[in-house]
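All remarks here apply to the structure that follows.
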Amino acid sequence: QVQLVESGGGLVQPGGSLRLSCAASGSTFSSYHMAWYRQAPGKQREFVATITSGGRTIYAVSVVGRFTISRDNAKNTVYLQMDELKSEDTAVYHCNADGRFIGTYYPSPYWGQGTQVTVSS
């Protein structure tokens, strides 16, 4: 069982930046592939970015060049740096831990509660 706690969301103007954090429980964090997803009102949850245990990263086309996923294994934490934010980035952002990675990320049952990001002027 992995417990995840996201933080760092908030209200930001278009063009602004936020950094989300996801702290994970357990002593095997370094072996987990990790990912961020988001869900906007009335829409299905969608993939944002993943970072493998080896540090490989993959991004959704809509965030390439604007978002950066990273991890600190010493802190059991994964980050999502979000720059050049747009109104369409407004969503609840969730992290997922210990999914499968076979060319793409397949989520596990382990989700955090989410953190709200609102991009508005």
Q. What are the residues in region 1-16 that are open to solvent by 30 Å² or more (accessible area, probe 1.4 Å) and more than 14 Å from the chain's Cα centre (by Cα), if any?
A. Gln1, Gln3, Leu11, Gln13, Pro14, Gly15
Q) Any residue at all in region 17-25 that is of a type outside the set (Gly, Ala, Ser) and outside any strand (DSSP E or B)? A) no
Q: Starting from region 8-20, keep only residues that are closer than 13 Å to Arg38 by Cβ, then list their pairs with residues that are surrounded by 14 or more Cβ atoms within 10 Å (Cβ to Cβ) and aromatic (Phe, Trp, Tyr) whose Cβ atoms are within a distance under 8 Å, requiring at least 6 positions of separation or different chains.
A: Gly9/Tyr93; Leu20/Trp36; Leu20/Tyr79; Leu20/Tyr93
Q: Mind listing whichever residues of region 17-29 are open to solvent by less than 20 Å² (accessible area, probe 1.4 Å) and in contact with a Leu (Cβ under 9 Å, 6 or more places away or on another chain)?
A: Leu20, Cys22, Ala24
**Q.** Residues that are more than 14 Å from Gly10 (Cβ to Cβ), within 11 Å of the chain's Cα centre (by Cα) and hydrophobic (A, V, I, L, M, F, W, C), drawn from region 73-98
**A.** Val78, Cys95, Ala97
(Q) The conditions are (1) in contact with a strand residue (DSSP E or B) (Cβ under 6 Å, 6 or more places away or on another chain); (2) within 23 Å of Val119 (Cβ to Cβ); (3) surrounded by fewer than 21 Cβ atoms within 10 Å (Cβ to Cβ); (4) not aromatic (Phe, Trp, Tyr), and Thr77 fails exactly one of them. Which is it? (A) (2)
Q: Only residues in region 69-95 that are among the aliphatic types (A, V, I, L, M) count as the first member; pair them with residues that are in a helix (DSSP H, G or I), Cβ under 7 angstrom, at least 6 apart or cross-chain, and list the lot.
A: Met82/Asp89
Q: Just give me the residues in region 99-121 being touching an Asp or Glu at 6+ places or on another chain (Cβ under 9 Å) and open to solvent by less than 20 Å² (accessible area, probe 1.4 Å), in sequence order.
A: Ser108, Gly112, Gly114, Thr115, Val117, Val119
Q | Residue list for region 30-71, filter: surrounded by 16 or more Cβ atoms within 10 Å (Cβ to Cβ), among the small types (Gly, Ala, Ser) and assigned to a strand (DSSP E or B) | A | Ala35, Ala49
Q) Among the residues of region 96-119 satisfying the criterion of being touching a residue at least 60 places away in the same chain (Cβ under 8 Å), among the aromatic types (Phe, Trp, Tyr) and not in a loop (DSSP other than H, G, I, E, B), which is farthest from Val5 (Cα to Cα)? A) Phe101
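The values are calculated or read from the model by the stated rules, or taken from the named source; none is laboratory data. Just so it is clear, the structure is predicted and the values come from calculations on it, not from any experiment. No Cβ is skipped: glycine too gets one built from the backbone with ideal geometry, and neighbour counts run over all protein chains shown. These area figures cover heavy atoms from the full protein model, side chains too; ligands, DNA and RNA do not enter into them. Shrake-Rupley method; radii C 1.70, N 1.55, O 1.52, S 1.80 Å.
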